[in-house]
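The values are calculated or read from the model by the stated rules, or taken from the named source; none is laboratory data. Everything numeric in this text was worked out from a predicted model, so none of it was measured. Don't worry about glycine lacking a Cβ; one is built from the backbone with ideal geometry, like all the others, and counts go over all protein chains shown.
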Amino acid sequence: MPPAGIADRSLSGVVRAACVNYVAEIDLLCAGVCPVCAGRVDPELRVCAEHSVPDGGLCSSCGTEPRVSAAATCRNCRFHRVFVPVFAAHDHPVVAGALTDRGYDAAAPGFRELCELLGWPAEPTAEGVVYAVPSPDDDRAVRVDATLSVSEAARTGERVKGRTAGASPPGTAMGRRALAASVPSSDPNISVFCN
Ligand SMILES: [Zn+2]
Ligand SMILES: [Zn+2]
């Protein structure tokens with residue numbers, strides 16, 4: 001948030017303004033519009049192939065906690081943001097409905113709402129990243145694709161009700177091969193990387 005966002009606000013007001021500003025930026029970026037200059041934005045999904053997060057730490061390969069991240073860069077002014085893809089889905093009807101059902105403010109997501117979204121299971125696929133959405137029957141999911149568009153999706157299975165029998169954890173060699181085989185993809189905007 002720009003420094004002026006701190007002036008004349010309480011501590012909780014600063015947090016709220018930061019969240020409003022952050023979500024508005026993401027909404028613009030996902031619509032392909034730079035929040036600074038209105039220039040064209042290039043979206044990207046990044047999948048960490050060596051992902052391993054220790055308790056209380058960050059992945060040593062990608063430096064973040066989520067395995068999949070979204071990135072957007074303005075072609076004109078080079079404004080650049082990296083964010084968790086599920087934030088792009090906050091106003092999708094399936095997501096907004098689940099947030100409302102759980103007592104959150106789907107219309108104006110704040111810190112609590114963003115933390116809730118961070119807890120939803122994510123699974124990278126060749127078409128994007130699928131998030132399991134909490135629902136009474138555990139049967140809803142949304143996908144954020146490489147253009148950062150959001151659509152309803154089928155659940156991938158293994159992350160929802162326990163792992164599929166025989167599936168290898170992603171941090172193992174077998175898991176990495178499985179990830180490399182299942183994740184991309186002919187889509188040039190989805191990149192899998194490992195250090
Ligand atoms: Zn990683
Ligand atoms: Zn720009």
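Odds and ends about this structure:
- Residue check for Val94: modelled with pLDDT of 95 or more, in contact with an Asp or Glu (Cβ under 6 Å, 6 or more places away or on another chain), hydrophobic (A, V, I, L, M, F, W, C) and assigned to a strand (DSSP E or B): no
- Of the residues making up the stretch 32-46, none is aliphatic (A, V, I, L, M), over 15 Å from the mean Cα position of the chain (by Cα) and away from ligand 2 (no atom under 16 Å from the Cβ).
- The stretch 145-158 residues that are under 22 Å from Arg40 (Cβ atoms), paired with ones that are in a loop (DSSP other than H, G, I, E, B) and modelled with pLDDT of 95 or more (beta carbon under 6 Å, 6 or more apart): Val150/His92
- The stretch 62-82, subset among the polar types (S, T, N, Q) and either surrounded by 17 or more Cβ atoms within 10 Å (Cβ to Cβ) or without any contact (Cβ under 8 Å) to a residue 24 or more places away in the chain (or both), residue farthest from Val23 (Cα to Cα): Thr64
- Here Pro2 meets each of (1) surrounded by fewer than 18 Cβ atoms within 10 Å (Cβ to Cβ); (2) within 16 Å of ligand 2 (Cβ to nearest atom); (3) on the phi < 0 side of the Ramachandran plot; (4) at pLDDT 95 or above with one exception, condition (4).
- Residue satisfying all of: in the stretch 51-78; in contact with an Asp or Glu (Cβ under 9 Å, 6 or more places away or on another chain) and within 16 Å of ligand 2 (Cβ to nearest atom); farthest from Arg40 (Cα to Cα) among these: Ala71
- Options Pro35, Pro85: the member that is within 16 Å of ligand 1 (Cβ to nearest atom) and either crowded, with 17+ Cβ neighbours inside 10 Å or within 19 Å of Val129 (Cβ to Cβ) (or both): Pro85
- Cβ-Cβ contacts under 7 Å between residues 6 or more apart (or on different chains), taken from a first residue in the stretch 34-57 that is touching a residue at least 24 places away in the same chain (Cβ under 8 Å) to a second residue that is away from ligand 1 (no atom under 16 Å from the Cβ) and hydroxyl-bearing (Ser, Thr, Tyr), are listed as Val41/Thr73; Asp42/Thr73; Pro43/Thr147.
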